[in-house]
Amino acid sequence: MTIATTTTDRFKETLRGLAAYGLDGTGHSLPSEPFDDNAFQHLLRWVQASKLIGLTGAAVANDALVVTPSQRDAVADKHLKAMCHTLYLERLLLDLTDGLDRAGIECRVLKGSAVAQLDYEDPFLRPFVDIDILVQSDSFDAAVDVIQRAGVNRIWHGPRPGFDRRFGKGATLSTPDGYEVDLHRTFVQGPWGLTVDLGDLWKGSRTIELGGKKLLALSDEARLLHAAIHATLGHTASTPFLPSRDIAEMLLFGAVNASAARELAARWQMEAVLAEAVTGAWHLLDLADVTTLSAWAEGYHPSELDERRRSVYRAGGATYTAKSLAALSTLPRFRDKLSMASSLAFPSRQFLEDRNLRYRDWLRRGVGSAVRARRGS
Amino acid sequence: MSVGATVTRVDRVLWRRTLDGVVVLPPWGDVIQLDRTGSLIWELVATPTTIESVVEATALACSVDIDDVMTGTHTVLVALRDAGVVRETLP
């Protein structure tokens, strides 16, 4: 028991050291002795689950993580596979954005592919497992059609036609061989998805170049806020090693304008999300450096409304319905509230089939979600 | 490949560094793995470069005579051209 706990602690400290690898101001370090082969295999699984294989590859290549020759080969193999996966995803991204261009649909590249190219010294450090594309709400349905015509099919349908375009985060689609595409119109399901001023996302941009093609990503400040949402409200929020590193890269080495980022966060009612993500990253990576935003984040106190909204996203209660119902309060117009509520109360057959649910199960689930949503509204 | 020809990467080719070299993905087909010497050649053809310059730079980087790397460099360049990731422009 003691040995297992010690090994787990050693894994966790190694993961923190890998997440912070290469940052001068970190208090974390990497072990000076190699793990035995059995333990190393476990560690590699943790590394992959945390998407830290890029930083691990760099640490091994620079002899900062001490490994045996066979362990080095195992890291090289996992890293190679991760890089191949990202390349296939980027090729898909090029093909899909060609289709959107031809249809006259403007788009922005989000998350992994954009962050790897713009925020890291070398994209080799930042693997990703899917591609994320943002389109405007009024182009959303047309964009889904373009992507489906390219052979990428929708995994989950919205409760009713048009729901995603008006109230949802977006749609998840997948190629037959499992490459996943998230088409967004906003960043996140639920109340904080609807407080984002979607017009702001299209005001500034940064350019990335993939295979000679220029693609647009979000501005530095909008990209930071998206990373903050991912770190605090996303499905990796319990172990946000990579999202925290993304935030550290942006704030320590990027061109984020701190006042512009705070203004944007305030306009989107997301100062609490930004503050939590920045303090979380600073603590997780044990960073001594102080930036304008890290100092502000340390002193930020969330409001009661922030806390209520935050509770909707916590693990366990963070269902699709709970987040959607909690978003009702952020809609200013009664007819929108009614439309959203009725879509959730009477979802389409396709929506239920996607989730393998019967209508009465959905209703039962909805009542529980409504209670949670009430707390978060 | 012809004497005096230049070689360079074609558009729509994607690539990443790995621990042992680079991986290159053409617009169609599967990834191509290049070892450290192959990666050096890949770096050299980022902009249009004569084949002779690629051979010279490879020899210099590997600290060997030009004759020792001539055949190997040509072999890599032909393989990259045939895979559709490098374009040869005749003088």
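The values are calculated or read from the model by the stated rules, or taken from the named source; none is laboratory data. Keep in mind that this is a model prediction, so the values were computed, not measured. Glycine also receives a Cβ, built like all others from the backbone with ideal geometry; neighbour counts cover every protein chain displayed. Quick note on the areas: whole protein, heavy atoms, side chains included, nothing else; ligands and nucleic acids left out. Shrake-Rupley method; radii C 1.70, N 1.55, O 1.52, S 1.80 Å.
Yes or no: A:Asp164 part of a helix (DSSP H, G or I), modelled with pLDDT under 95, at negative phi and more than 17 Å from the chain's Cα centre (by Cα)? Spelling it out, A:Asp164 is indeed part of a helix (DSSP H, G or I), modelled with pLDDT under 95, at negative phi and more than 17 Å from the chain's Cα centre (by Cα). Taking region A:99-125 as the range and being part of a helix (DSSP H, G or I) and more than 20 Å from the chain's Cα centre (by Cα) as the test, the residues that pass are A:Gly99, A:Leu100, A:Asp101, A:Arg102. Within region A:153-172, identify whether any single residue is within 16 Å of A:Val115 (Cα to Cα), of a type in the set (A, V, I, L, M) and more than 14 Å from chain B (Cβ to nearest Cβ), and answer yes or no. There is no residue in region A:153-172 that is within 16 Å of A:Val115 (Cα to Cα), of a type in the set (A, V, I, L, M) and more than 14 Å from chain B (Cβ to nearest Cβ).
Among the residues that make up region A:200-221, is at least one of them more than 26 Å from B:Val13 (Cα to Cα), of a type in the set (Phe, Trp, Tyr) and within 15 Å of the chain's Cα centre (by Cα)? So far as region A:200-221 goes, no, none of its residues is more than 26 Å from B:Val13 (Cα to Cα), of a type in the set (Phe, Trp, Tyr) and within 15 Å of the chain's Cα centre (by Cα). Within region A:12-41, restricting attention to residues that are within 14 Å of A:Val67 (Cα to Cα) and in a helix (DSSP H, G or I), which residue is most open to solvent (accessible area, probe 1.4 Å)? Looking at residues that are within 14 Å of A:Val67 (Cα to Cα) and in a helix (DSSP H, G or I), I get A:Asn38.
Condition check ((1) at pLDDT 95 or above; (2) over 20 Å from A:Leu210 (Cα atoms)) across all residues:
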position: A:Asp73; (1), (2): yes, yes
position: A:Ala76; (1), (2): yes, yes
position: A:Leu89; (1), (2): yes, no
position: A:Asp95; (1), (2): yes, no
position: A:Tyr120; (1), (2): yes, no
position: A:Pro127; (1), (2): yes, no
position: A:Asp138; (1), (2): no, yes
position: A:Ile147; (1), (2): yes, no
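Meeting the requirement of 1 or more residues that are buried (at least 16 other Cβ atoms within 10 Å of the Cβ) and among the polar types (S, T, N, Q), the helices (runs of 4 or more DSSP H) wholly within region A:186-295 are A:220-233, A:241-253, A:271-284. Of all residues in region A:45-61, those satisfying the criterion of being part of a helix (DSSP H, G or I) and of a type in the set (A, V, I, L, M) are A:Val47, A:Ala49, A:Ile53, A:Leu55, A:Ala58, A:Ala59, A:Val60, A:Ala61. Residues in region B:39-63 that are touching a residue at least 24 places away in the same chain (Cβ under 8 Å) and farther than 21 Å from A:Gly212 by Cβ: B:Thr50, B:Ile51, B:Glu52, B:Cys62. Before we move on, is A:Tyr179 farther than 22 Å from A:Asp354 by Cα and either surrounded by 22 or more Cβ atoms within 10 Å (Cβ to Cβ) or not small (Gly, Ala, Ser) (or both)? So A:Tyr179 fails the test. Taking the numbered list (1) away from chain B (no Cβ under 14 Å); (2) not in a loop (DSSP other than H, G, I, E, B) in turn, A:Met83 passes all entries but (1).
Just checking, does region A:45-52 include any residue being touching a residue at least 40 places away in the same chain (Cβ under 8 Å), open to solvent by less than 10 Å² (accessible area, probe 1.4 Å) and within 21 Å of A:Gly112 (Cα to Cα)? Yes: one or more hits. Could you say whether any residue in region A:97-112 is under 25 Å from A:Ile53 (Cβ atoms), open to solvent by 20 Å² or more (accessible area, probe 1.4 Å) and within 14 Å of chain B (Cβ to nearest Cβ)? No, region A:97-112 contains no residue that is under 25 Å from A:Ile53 (Cβ atoms), open to solvent by 20 Å² or more (accessible area, probe 1.4 Å) and within 14 Å of chain B (Cβ to nearest Cβ). Taken as a whole, region A:62-71 holds at least one residue that is part of a helix (DSSP H, G or I), buried (at least 17 other Cβ atoms within 10 Å of the Cβ) and touching a helix residue (DSSP H, G or I) at 6+ places or on another chain (Cβ under 7 Å). Counting residues in region A:45-63 that are closer than 24 Å to A:Asp130 by Cβ and of a type in the set (D, E, K, R) gives one or more.
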